[in-house]
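Visitor: Right, I'll just put the structure down here and ask away after.
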Amino acid sequence: MSPPRSGPRLAALVVFAAAMGWLGGVVVVYLRGLLGLAHGPRVLAAPELARRFAALPWLLGTEQGREAATIVMLAAVAWLAAPRARERWGAFLVAFGVWDLVYYLALWALLRWPPSLATVDVLFLLPPGPWWVQPVWVPVAISSGLVVAGAWLFRGAGGRRRR
């Protein structure tokens, strides 16, 4: 029996990653509520955000655990999506990139945040401190590149179709 073609597997991977990205955006809606930011385009400087996290001592560890679990889930689905290491790596890159892009789309749809691609965001809380802080255009550009590179690797690196 031949393995399934890469197109349908790639489509399923993108759907999974998009759903995870939307879920990640929903979680941040809740986090913003816990941190007193509620809805809207308000942006806090990293030190103020750290102070608000410190006021809820259980929250930072919980959020770091969620971030780690997200990476594990993306890696697990990438492992399942492809039979060989190169394609699995490509699947992970696609899943990570789509997840991150849809995460920002979800935040925009639900909160109208970020107000612009130049808005500074805390990208990850892992590894713990210092936090990764960049304008939103940086992860959007990186994630777009990850999707392209990952699809290239997943589909057989440069058009060599495998069946």
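Computed from the coordinates by the stated procedures, all read-outs in this text should not be read as laboratory data. Fair warning: this is a prediction, and the values are worked out from it, not measured in the lab. No Cβ is skipped: glycine too gets one built from the backbone with ideal geometry, and neighbour counts run over all protein chains shown.
Visitor: Between Ala75 and Leu105, with labels modelled 7 Å along Cα→Cβ, what's the label distance in nm to one decimal, could you check?
Guide: Going by the 7 Å Cα→Cβ label model, 2.7 nm.
Visitor: Can you compute 3J(HN,Hα) from phi for each residue in the range 82-89, using the Karplus curve 6.51 cos²θ - 1.76 cosθ + 1.60 with θ = phi - 60°, rounded to whole Hz and x for Gly and Pro?
Guide: Once θ is set to phi - 60°, the couplings for the range 82-89 become 8, x, 10, 4, 4, 5, 5, 4 Hz.
Visitor: Using only alpha carbon pairs under 8 Å that are at least six residues apart, calculate the relative contact order of the chain and give it in whole percent.
Guide: After rounding, I find 32 percent.
Visitor: Just for the Cα atoms in the chain, what are the lengths along the principal axes, largest first, rounded to whole Å?
Guide: Result for the chain: principal-axis Cα extents of 56, 30, 25 Å.
Visitor: Below 9 angstrom from the Cβ of Val27, what's the summed charge of the other residues (Lys, Arg +1; Asp, Glu -1)?
Guide: Within the 9 Å Cβ shell, the charges total 0.
Visitor: Now a separate question. Looking only at the range 103-125, which residues have a backbone nitrogen under 15 Å from a spot 7 Å from the Cα of Ala141 in the C-beta direction?
Guide: From the range 103-125, the list is 117-121.
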